Amino acid sequence: MSADSDQQSIRCLVAKVGLDGHDRGAHVIARAFRDAGFEVIYSGLHNAPDEIVQAAVQEDVNVLGISILSGAHNTLVPKVIEGLKEYDAFEDTLILVGGVVPDDDKAELKEMGVAEVFGPGTPMEETIEFVRENAPRR
Amino acid sequence: MTGDTGRIGGEHADLLDDLLAGKHRALARVITKIENRDPGYRDLVSALHDHTGSSEVVGITGSPGAGKSTLVDKVANYYRERGETVGVIAVDPSSPFTGGAVLGDRIRMASNVGDMDVFFRSMSARGTLGGLSTATTDAVKALDAFGKDKILIETVGAGQNEIDVVKTADTVAVLVPPESGDNVQMLKAGILEIGDVFVVNKADLDGADRTVQELREMLHMRDDRAATLSTGHHGASRSQGGSEDSEDGDDERERWDPRIVETVAKDGDGVPEFVETLADHRAYLERSGRLEAKARTRYAEEIRNLLRDDVGELLEDEIERRGGMAELVAGVMARETDPYSVADEVIDPLEGCLDDS
């Protein structure tokens with residue numbers, strides 16, 4: 001009740017990049033995150049990288065979850081990371097990628113600054129736990 | 001500027017400087033601190049005050065699916081094309097069970113993709129009663145101090161909380177979808193009383209004409225009833241919720257009759273007319289002195305809210321000192337005392353201090 005009591009909440013942006021129209025996974029994640037008590041900003045289908053950067057910066061999210069099923073992660077994710085750096089938002093945003101990503105690419109994405117890559121069949125609890133443990137505090 | 005920043009600590013002072021210098025990241029972080037009620041956020045917000053007062057604030061409300069987000073997108077785009085900068089605060093409900101929320105209003109912001117001069121921020125109600133309107137008011141200050149020309153607040157017109165939120169605005173627009181039986185619902189929710197401009201969106205659908213007609217009748221009734229109630233005091237006939245009308249008795253000169261605008265937000269039809277109507281209302285507010293009266297009422301309310309929070313906090317401490325709430329309740333349960341007496345006892349020291357001063 002008190003005016004100064006900390007009311008911190010984990011804010012996540014769930015974004016779909018690329019041209020594929022498969023947003024079911026993103027929907028499932030968004031709902032699971034909500035049920036875990038997170039504030040989820042869902043930005044819809046076909047987000048361009050600069051759109052994701054705009055949303056992540058303005059919403060000041062702790063977590064950015066990018067869902068890619070088109071296989072274009074190697075071109076799209078670097079653009080997002082570059083954009084975040086431009087606005088000084090890279091350092092304290094936890095970046096997650098969900099989708100079908102070959103192992104070689106996984107390593108490369110992590111090298112770039114992606115915290116974790118979640119493939120098909122990852123239990124929801126595992127993703128939520130990862131967010132709880134690793135989301136940077138504000 | 002240095003005068004402001006002198007009061008607050010290093011991290012916050014830098015943040016304030018960055019915000020005033022136009023850094024988006026700083027603006028976003030300030031709003032986060034406001035939402036989190038981060039330690040020290042109050043000093044930050046009070047330092048913002050000096051830099052506010054130049055934005056035009058419009059509240060947009062209506063039932064879910066009325067087209068608020070789509071209209072906000074088009075209006076923001078229209079302002080941008082005129083070279084003005086825009087801030088948007090979109091308020092969505094959160095789950096009362098988990099505190100979680102899915103905030104999806106960004107999906108509709110298609111016209112402003114990648115344009116950083118439209119600063120769009122989603123907010124959800126967190127926890128405490130009245131906390132949302134406090135957070136929104138403070139977030140508006142941040143956008144104002146940042147230098148946004150126009151600020152749009154978007155919220156579902158569902159309850160008192162949301163109505164309090166749009167009262168932060170100088171001009172309130174209410175969206176009404178055609179033939180939805182919603183019209184009666186709106187009356188119930190008290191939404192009709194707060195609108196300065198009514199927008200019949202999706203005006204290309206069947207039933208739009210009828211909705212306009214019904215709305216016109218209802219607004220007419222609202223005028224008539226209020227006029228009789230207020231025994232000739234015209235100010236109350238477009239009551240914005242009561243209190244501020246009692247503070248200025250001088251608006252007999254001119255009154256604002258709520259306007260009805262038809263739009264098809266998804267195609268942008270009617271958007272110029274809507275924006276023009278907002279500007280008309282703004283001009284009326286300035287001309288009639290209502291803008292200032294509204295600001296006075298708003299500040300008065302803000303001070304009261306802050307004091308209520310602060311006093312509540314002091315009293316919570318006092319309750320703890322007296323052994324905690326459970327202890328006090330035990331006495332009441334045992335019929336040794338009663339709630340009124342307990343309240344009197346708890347507040348007594350505070351009362352004593354205030355009387356002495």
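The values are calculated or read from the model by the stated rules, or taken from the named source; none is laboratory data. Not measured: the values here are computed from a predicted model. A quick note on method: Cβ atoms are made from the backbone with ideal geometry, for glycine too, and the neighbour counts reach across all protein chains shown. We work out accessible area using only protein heavy atoms, side chains counted, and drop any ligands, DNA or RNA first. Shrake-Rupley method; radii C 1.70, N 1.55, O 1.52, S 1.80 Å.
For A:K110, the aspartates and glutamates whose Cα comes closer than 17 Å to its Cα, not counting residues fewer than 8 places off in the same chain, are A:E82, A:E91, A:D92. Other residues within the sphere of radius under 10 Å centred on the Cβ of A:F38, judged by their own Cβ, net out at +1 (K and R +1, D and E -1).
Counting only other chain Cβ atoms within 10 Å of each residue's Cβ, the peptide A:55-63 averages 6. Adding -39500 (n - 2.57) for every DSSP H run of four residues or longer, then dividing by how many residues the protein assembly as shown holds, sets the calculated 222 nm ellipticity at -15500 deg cm²/dmol. Peptides B:316-325, A:92-101, B:289-298, B:64-73 ordered by packing proxy, namely the average of other Cβ atoms within 10 Å per residue, highest first: B:64-73, A:92-101, B:289-298, B:316-325. Amide H to amide H distances under 5 Å link B:M123 with B:A90, B:V91, B:D92, where only residues 5 or more positions off or on other chains count and H is placed in the peptide plane.
Within the accessible area of the protein assembly as shown, what % is carbon and sulfur when the probe is 1.4 Å and the other protein chains stay in place?
So the carbon and sulfur contribution to the accessible surface is 51 percent.
Here segment B:1-51 was treated as a single set of alpha-carbon atoms; its pair distances binned every 5 Å from 0 give 4, 24, 36, 27, 8, 0 percent. What's the FRET efficiency of B:K266 with B:L307 using the Cβ-Cβ distance as r and R₀ = 35 Å, to the nearest 0.05? The formula returns an efficiency of 0.20 here. Per-residue 3J(HN,Hα) values for segment B:8-20, derived from phi via the Karplus relation 6.51 cos²θ - 1.76 cosθ + 1.60 with θ = phi - 60°, read 10, x, x, 4, 5, 5, 4, 4, 5, 4, 5, 4, 5 Hz in sequence order (x marks Gly and Pro). Inter-label distance, B:A330 to A:D105: 6.4 nm, where each label sits 7 Å from its Cα along the C-beta direction.
Per residue of peptide B:28-38, the mean number of Cβ atoms on other chains within 10 Å of the residue Cβ is 5. Once you reduce segment A:21-51 and segment B:62-87 to the center of their Cα atoms, the two points are 22 Å from each other.
Fully extending the segment from B:C353 to B:E217 would add 43.5 nm, taking 0.36 nm per residue of separation and subtracting the current Cα-Cα distance.
A probe of 1.4 angstrom, applied to the heavy atoms of all protein chains, finds A:I10 with accessible area near 20 square angstrom.
Ignoring aspartates and glutamates fewer than eight residues from B:K202 along the same chain, the ones with Cα atoms less than 17 angstrom from its Cα are B:D73, B:E179, B:D182, B:E214, B:E262, B:D267, B:D269, B:E273. Please label the shape of segment A:11-134 as rounded, prolate or oblate, based on the square roots a ≥ b ≥ c of the eigenvalues of the alpha-carbon gyration tensor (a/c under 1.5 means rounded; beyond that, a/b larger than b/c means prolate, else oblate). Rounded. On the beta carbon distance between A:E125 and A:H46, with R0 = 41 Å, the FRET formula returns roughly 0.90. Principal axis extents of the Cα atoms in segment B:268-357, from largest to smallest and rounded to whole angstrom, are 67, 37, 19.
Candidate cross-link partners of B:K294 among the lysines, defined by an alpha-carbon separation under 22 Å and a same-chain spacing of 8 or more, comprise B:K141, B:K148, B:K150, B:K167.
Lys and Arg at +1, Asp and Glu at -1: add these up for the other residues within a Cβ distance under 9 Å of B:V57 and post the number. Combined, the nearby Lys, Arg, Asp and Glu give -2.
Seen from every direction in turn and averaged, the convex hull around the alpha carbons of the protein assembly as shown projects onto 28.1 nm². In the assembled protein chains, B:L205 presents an accessible area of approximately 90 Å² (probe radius 1.4 Å).
Charge tally for B:K266 (other residues, Cβ to Cβ under 14 Å; Lys, Arg +1; Asp, Glu -1): -1.
Converting phi to 3J(HN,Hα) with the Karplus coefficients 6.51, -1.76 and 1.60 and the offset θ = phi - 60°, segment B:331-336 yields x, 5, 4, 7, 6, 7 Hz in sequence order, with x at every glycine or proline. Averaged over peptide A:40-49, the number of partner chain Cβ atoms lying within 10 Å of each residue's Cβ comes to 5.
Here the Karplus curve 6.51 cos²θ - 1.76 cosθ + 1.60, taken at θ = phi - 60°, turns the phi angles of segment B:282-299 into couplings of 4, 5, 4, 4, 5, 4, 8, x, 5, 4, 5, 4, 5, 4, 4, 4, 5, 5 Hz, with x standing for Gly and Pro. For B:D149, the residues whose amide H sits under 5 Å from its own are B:T85, B:V86, ignoring neighbours fewer than 5 places away on the same chain, with H placed 1.01 Å from N. Expressed in units of 2.2 N^0.38 Å, where N is the residue count, the Cα radius of gyration of segment B:305-355 is 1.20.
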